[in-house]
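One structure is given below, encoded as structure tokens.
The values are calculated or read from the model by the stated rules, or taken from the named source; none is laboratory data. Treat the numbers as computed from the prediction; the structure is a model and nothing was measured. Counting neighbours? That spans all protein chains shown, and the Cβs are built from the backbone with ideal geometry, glycine included. Side chains are part of the model used for accessible areas, which takes the heavy atoms of the whole protein and leaves out ligands, DNA and RNA. Shrake-Rupley method; radii C 1.70, N 1.55, O 1.52, S 1.80 Å.
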Amino acid sequence: MRRIISISLLSVGHACVDVYQGAVASLVPFFVAERAYSYAAVSGMVLAASLLSSVVQPVFGVLTDRWAMPWLLPVSTALGGVGIALSGVSGSYGLLLLFVAISGVGVAAYHPESARIARIAGRGSHSAMGWFSTGGNIGFALAPLMVGAVVGVGGLRLTPLLVLPALAGSLLCLPVLRALGQRQAAGNSVAPPGEDDWGSFMKLSLAVACRSIVFVGLSAFISLYATQRMGGNATAGTVALFVLFLGGAVGSVLGATLAGRWGRVTVAHRAYLASIGSVAGVVFVPGPTMYLFVALTSVGLYVPFSLQVTLGQDYLPSRVGTASGITLGLAVSVGGLISPAIGTLADATSLRTALAPLILMPSVCWLLFRALPEPPAPHHGTPPASQTDDTDAPPSPAQQPDVLRNTGTSPPSGLGVRATSEPGDT
């Protein structure tokens, strides 16, 4: 029960952070309407949120491999919210980019450490990681509703109200950190980590980047594209963005469930194959049927999402923070680096023409996953009978990393992911 509560709180806290990643795309139509920004200008917002994040995220991953930094969770959550809250208070485009970049740094700092702690709290279960990832996807899905309810009613001057989820998320993570800090008091030793497979991790990282390009590209422009396709109806754009983000929550849970039956690599491989056709449908199928393809695209791109996180952690068992920073955080931010190119092409031609190349990205992911092995399940020690109760008993030595004091090798080895689900994973 204690594990379920911890994962639930972390999942809700993850939603409170990732709502700000979704908020950037959700704010795009309002900046176009109020300030007459071009496609290239609004894509610069996405770039600002992504550029520093793409650089900072792996750095924080390396740092959390050396030292546990649980304080990053409340601090980075607050930083992500403050940046978005300030984005609409000034008419300066330069300040807008600065505030969005600040939010991106906060989100980047959150993901490596939160993934490490989620792996500890879930004791290596990829089902638990799936639920943790689902929280972030729900945050994405709620972003257009939150921005629409606030900015759609009172305009960009009300963006300071958007800081409220960050305040809630900062408070929610505190009891989890306290509970894990108490658990580490046992001071049990941990077996050495397994061998890192950098070749497989690099292929996985390239797939993660390609997935990011198609998802961020669609999230940045799907609202404007749906508005065009539906005769200028702004509500159509909000609905399309909501469907794109909501399908992610379904996809993450579905992926974790299917992986227990067929394995993570196989499930991700098939999901990317299905995504090729669904992305093409979003770009070319006319009328309200587009919403169906938006939903299928979202599910198809998010089925592999949490699986890629645990695969990366298993490919680099001695560098869980680095693996998490790339597969969980960089998976979202790196796509923003391509958004200005999409916006510039859309200004020169049409939005449909600019979005069409995104169809190639799931194809590349599919090819890369064909070359990836399913990593073996790391060895776990069998806990004594007194530690089999999941409620109050501390975990076994093989499940007991140091949360607040990291030696650099203890967390990865104690938090291996099972290749198949086991009773009690969820």
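Listing for the model above:
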read-out	value
For region 184-340, size of Cβ-based charge dipole, Lys and Arg +1, Asp and Glu -1, in debye	320
Options 202, 220, 173, ranked by Cα towards positive dipole end of region 150-270, top entry (Cβ charges)	220
Prolate/oblate/rounded call for region 314-374, Cα gyration tensor, a/c under 1.5 rounded	oblate
Packing-based order for 128-138, 5-15, 233-243, using average beta carbon neighbours within 10 Å, highest first	128-138, 5-15, 233-243
Extension gain, residue 98 back to residue 178 (0.36 nm per residue minus Cα-Cα distance, nm)	25.4 nm
Percent accessible area from carbon and sulfur atoms, region 53-137, protein chains only, probe 1.4 Å	81
Residue-normalised accessible area of region 266-334, expressed per residue, 1.4 Å probe, Å²	24
Net charge of Cβ neighbours under 14 Å - reference residue 319; Lys, Arg +1; Asp, Glu -1	-3
Ordering of 317-327, 217-227, 17-27 by packing [mean C-beta count within 10 Å, highest first]	17-27, 317-327, 217-227
Amide N of region 291-319 lying under 16 Å from the label point, which is placed 7 angstrom from the Cα of residue 198 along Cα→Cβ	315-319
Cα-centred dipole magnitude for region 1-123, charges only on beta-carbon of K, R (+1) and D, E (-1), debye, nearest 20	460
Length gained when the stretch residue 35-residue 273 is fully extended (0.36 nm per residue, less Cα-Cα span)	81.7 nm
Protection proxy ranking, peptides 348-356, 79-87, 60-68, average beta carbon neighbours within 10 Å, highest first	79-87, 60-68, 348-356
Gain on full stretching of the segment that runs from residue 228 to residue 292 - 0.36 nm per residue minus C-alpha separation	21.3 nm
